[in-house]
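S.K.: I'd like to ask you about the structure that follows.
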Amino acid sequence: MKFYDAHNHLHDDRFGGRQAELVAACRGAGVARMVVNGSCEADWPRVAALAREFPDLVVPSFGYHPWYVGERMPRWRETLVEFLDRTPGAVVGEIGLDRWKPGLAYHGQEEVFLAQLRLAAERDLAASIHCLQTWGRLLELLRTTPRPARGFLLHSYGGPAEMVAPLAKLGARFSFPGWFMHERKARQRAAFKLVPADRLLIETDAPDQLLPDAANANPLTDTSTGKPLNHPANLPAVYQFMAELRGVPLAELTAQVEENVRRLFTARVIDTVANAQTLPA
Ligand SMILES: [Zn+2]
């Protein structure tokens, strides 16, 4: 069985340089591909390096996350364009809007988000969107801004169940993290029961969004702080949970998610490879 991680941060510092080890464990667990999201300019070279090192596994994604927009350099957009242009198969993310994080300024977030959404739309690249407590405004902006024709991902969708249908109409995909397996996340699980099968994706968001201990087959700690980290090889456990939540056989879910990932993220990669093979050397 092949598993696809729609959203993680394999480049994250907290992994302490153990990426090759994590990748080996992921391959052993059946992880076929993962979308690795850089969240600010400092991340992008590391995401590009992982894509070069593990080209069959890593889908590189570059974006400015709302938590870091205050740190952006004057030429951030040009730098982003360079990474998108130079990295084969690159997509856009993590981008978004956040009114939840205490002390985080909202000012500037929309401008940066919209500039990146437009880039994704112009190039028809998938965009991975983070949204916390800004759902109404996000819907409004998505309705009035060009969007990628292939669609976009609402990672760790935690918005209202009633918004699944209007967002899906605009091209949204919804990815479910292991974090929503915690008992108290019943509201989020209820929303995921309403996600159309062809719009459903699964993610780890590793090293964040740790799943419950009972399901954590890959305990991992941040060696500098001693805090627990989510291992990207926990992905199959999240699939298993989702299959049970939606009452579908695991094999059916994996086949559906594979197709959903291919359509949103990797069709261009496959096309690029196919084209490259037919081009003269
Ligand atoms: Zn993330």
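The values are calculated or read from the model by the stated rules, or taken from the named source; none is laboratory data. All figures in this text were calculated on a predicted structure; none of them were measured in a lab. Because the Cβ atoms are built from the backbone with ideal geometry, glycine has one as well, and the counts that use them run over all protein chains shown.
S.K.: Output the number of the condition that His65 fails; it satisfies all remaining conditions of (1) in contact (Cβ under 8 Å) with a residue 60 or more places away in the chain; (2) more than 17 Å from the chain's Cα centre (by Cα).
M.R.: Unmet condition: (2).
S.K.: Taking Trp67 as meeting all but one of (1) assigned to a helix (DSSP H, G or I); (2) within 16 Å of the ligand (Cβ to nearest atom); (3) over 19 Å from His11 (Cβ atoms), write down the number of the exception.
M.R.: Of the numbered conditions (1) assigned to a helix (DSSP H, G or I); (2) within 16 Å of the ligand (Cβ to nearest atom); (3) over 19 Å from His11 (Cβ atoms), the odd one out for Trp67 is (3).
S.K.: Can I ask one more? Looking at Gly158, Gly171, Gly178, Gly151, which one is under 18 Å from Arg33 (Cβ atoms) and surrounded by fewer than 23 Cβ atoms within 10 Å (Cβ to Cβ)? Let's see the steps before the verdict.
M.R.: Details: Gly158 fails: under 18 Å from Arg33 (Cβ atoms); Gly171 fails: under 18 Å from Arg33 (Cβ atoms); Gly178 fails: surrounded by fewer than 23 Cβ atoms within 10 Å (Cβ to Cβ).
The match here is Gly151.
S.K.: I need the full set of residues from region 201-232 which are of a type in the set (A, V, I, L, M, F, W, C), in contact with a Leu (Cβ under 8 Å, 6 or more places away or on another chain) and not in a loop (DSSP other than H, G, I, E, B), in order please.
M.R.: Residues of region 201-232 that are of a type in the set (A, V, I, L, M, F, W, C), as a first pass: 201-202, 206, 210-211, 214-215, 217, 220, 229.
This time we only want the ones that are in contact with a Leu (Cβ under 8 Å, 6 or more places away or on another chain), so: 201-202, 206, 210, 220, 229.
Listed by number, the residues that qualify are Leu201, Ile202, Leu220, Leu229.
S.K.: Continuing with the same structure: Might you let me know whether region 35-54 holds any residue that is among the hydroxyl-bearing types (Ser, Thr, Tyr) and either surrounded by fewer than 24 Cβ atoms within 10 Å (Cβ to Cβ) or within 18 Å of Pro148 (Cα to Cα) (or both)? If you could, list the steps in order and put the result at the bottom.
M.R.: Step one: filter region 35-54 for residues among the hydroxyl-bearing types (Ser, Thr, Tyr), giving 39.
Adding the requirement that they be either surrounded by fewer than 24 Cβ atoms within 10 Å (Cβ to Cβ) or within 18 Å of Pro148 (Cα to Cα) (or both) leaves none.
No: region 35-54 contains no residue that is among the hydroxyl-bearing types (Ser, Thr, Tyr) and either surrounded by fewer than 24 Cβ atoms within 10 Å (Cβ to Cβ) or within 18 Å of Pro148 (Cα to Cα) (or both).
S.K.: Out of everything in region 181-206 that is surrounded by 21 or more Cβ atoms within 10 Å (Cβ to Cβ) and acidic (Asp, Glu), what residue ends up being nearest to the ligand (Cβ to nearest atom)?
M.R.: Within region 181-206, the match that is nearest to the ligand (Cβ to nearest atom) is Asp205.
S.K.: Going by the structure shown, is Phe192 part of a helix (DSSP H, G or I) and either closer than 19 Å to Ala237 by Cβ or in contact (Cβ under 8 Å) with a residue 40 or more places away in the chain (or both)?
M.R.: In short, yes.
S.K.: Is it the case that region 86-102 has a residue that's over 28 Å from Gln19 (Cα atoms), within 15 Å of the ligand (Cβ to nearest atom) and buried (at least 18 other Cβ atoms within 10 Å of the Cβ)?
M.R.: Looking for residues that are over 28 Å from Gln19 (Cα atoms), within 15 Å of the ligand (Cβ to nearest atom) and buried (at least 18 other Cβ atoms within 10 Å of the Cβ), one finds at least one in region 86-102, hence yes.
S.K.: Quick check on my filter: what residues within region 244-281 are over 21 Å from His7 (Cα atoms) and at pLDDT below 95?
M.R.: Asp271, Thr272, Val273, Ala274, Asn275, Ala276, Gln277, Thr278, Leu279, Pro280, Ala281
S.K.: Please tell me if Ala24 is without any contact (Cβ under 8 Å) to a residue 24 or more places away in the chain, small (Gly, Ala, Ser) and within 16 Å of the ligand (Cβ to nearest atom).
M.R.: On the way: without any contact (Cβ under 8 Å) to a residue 24 or more places away in the chain: yes; small (Gly, Ala, Ser): yes; within 16 Å of the ligand (Cβ to nearest atom): no.
So Ala24 does not fit the description; no.
S.K.: Answer yes if at least one residue in region 44-62 is more than 16 Å from the ligand (Cβ to nearest atom), in a loop (DSSP other than H, G, I, E, B) and small (Gly, Ala, Ser), and no otherwise. Give the steps one after another, and end with the answer.
M.R.: Applying the first criterion (more than 16 Å from the ligand (Cβ to nearest atom)) to region 44-62 yields 45, 48-49, 51-57.
Still in the list and also in a loop (DSSP other than H, G, I, E, B): 54-57.
Pick out the ones that are also small (Gly, Ala, Ser) and you get none.
No: zero hits.
S.K.: Still on this structure: Would you check if Thr145 is within 16 Å of the ligand (Cβ to nearest atom) and either of a type in the set (S, T, N, Q) or in contact with a His (Cβ under 6 Å, 6 or more places away or on another chain) (or both)?
M.R.: Details: within 16 Å of the ligand (Cβ to nearest atom): no; either of a type in the set (S, T, N, Q) or in contact with a His (Cβ under 6 Å, 6 or more places away or on another chain) (or both): yes.
No, not satisfied.
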